[in-house]
1. Just Gly56, Gly82, Gly228 to compare: in a GNM of the chain, with alpha carbon springs under 10 Å, which one fluctuates most?
2. Using a cut-off of 29 Å between alpha-carbon atoms, which lysines can reach Lys102, once sequence neighbours fewer than 8 places away in the same chain are excluded?
3. Lysines near Lys2 by alpha-carbon distance under 19 Å, same-chain residues fewer than 8 away left out - which ones?
4. Tell me the net charge near Ile215. Cut-off is 9 Å between Cβ atoms, Ile215 excluded, with +1 for each Lys or Arg and -1 for each Asp or Glu.
5. With an 8 Å cut-off on Cα pairs and a minimum separation of 6 or more residues, tell me the relative contact order of the stretch 1-157 in percent.
6. Between beta-carbons, use under 10 Å as the cut-off and find the net charge around Lys290, counting Lys and Arg +1, Asp and Glu -1.
7. Between the DSSP loop rule and a limit of at most 14 other Cβ atoms within 10 Å, which GluC sites (Glu not before Pro) in the stretch 208-314 are left?
8. If you put +1 on each Lys and Arg Cβ and -1 on each Asp and Glu Cβ, how big is the dipole of the chain around its Cα centre, in Debye rounded to 20?
Amino acid sequence: MKAIFDERQWKHDPKHFMANGALLPNPEQPKRIEILKAAAEAAGCAFSAPEDAGMGPIASVHTAEYITFLKNIYARWLYIEGAGNEVIPNIHPANRSDSYPKSAVGQAGYHQADTACPIAEHTFEAAYWSAQTAVTGADMVAAGERSVYALSRPPGHHAFADLAGGFCFFNNSGVAAERLLKAGKRPAILDIDVHHGNGTQGIFYRRADVLTISIHADPVRFYPFFWGHAHERGEHDGIGANLNLPLARGTGDDAYLKTLDTAFERIAAFGADAIVVALGLDAHIDDPFKGLAVTTPGFAQVAAAIAGLHLPTLFVQEGGYVSDALGDNLTHVLQGFAEA
């Protein structure tokens, strides 16, 4: 399988993370690249660098106002007397329709959903090339590749059109799906991260031309809490084009695979001719977030089942955090898909 990665993705090295009121090391570490790249190569992947398709593909799903914010906010932040080394919000609007301030602090609150997406000097550059990695992967699939792995880091599925969150800045899977759509494909996004792909849902929620499906730990007591519930089906033209399949905490291989069947039925009914797999590996039983209990062999079964759709498939890396099993999980996914 061909794989895409850009070295500039190493530059994003977030420090701040808060969980339950405690300051902790940020789980979205650059070390993930080292582990994931080695694991993909162990599965037979050959990496190349992405092309630079410019801002257009990113701007197709993100607002110009938000892109301007991400590009400039760190330099603006430095002018604040006594400011920290990373842009971290401390206030949020009650609604997206509330007034848009000129203040850097106020705009941070408007464009950053939580404290898990700190912005530092190289965040925009790394996020830009993470998105370009997904764009190049989409172009390769559109040109006839059976499958491609995009090592996109930082991840993307919690990023809305104008809102960062949950380690994510640009919605790489959404950008890739939009790119496939413009290439004449009818794409479905299948998100198998342990967390609901709330940003992806938000981007396409009123649209009927991209199917969004997310299998994740039930958000009633799990991040992102406010999105990802089964009743969320889409709005206006998008009614029925969004499918959430929340699972009880601790769900293992057998129940997960049965849930995939439901996802596949919707993909077939939608008439998808290309799949973007938002590849979170954090559904694993030993992932630090402890949401689901998929095993390493279970990941191979999941990938084999996806291969059974016989559709061109782009794997875009989402979550999956540093643990002894992280690399093996990715190797099993890519090998399981290839062997099926």
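1. Result: Gly82 has the largest fluctuation of those listed.
2. Lys11, Lys15, Lys71
3. By straight Cα distance, Lys2 reaches Lys37.
4. -2
5. Relative contact order of the stretch 1-157: 39 percent.
6. Local net charge: -2.
7. Listed in order of number, the matching sites are Glu235.
8. 440 debye
We did not get these values from a lab; they are worked out from the coordinates using the rules stated. The model shown is predicted, which means the values in this text are computed figures rather than measured ones. When we count neighbours, we look across all protein chains shown, and the Cβ atoms used for this are built from the backbone with ideal geometry, even at glycine.
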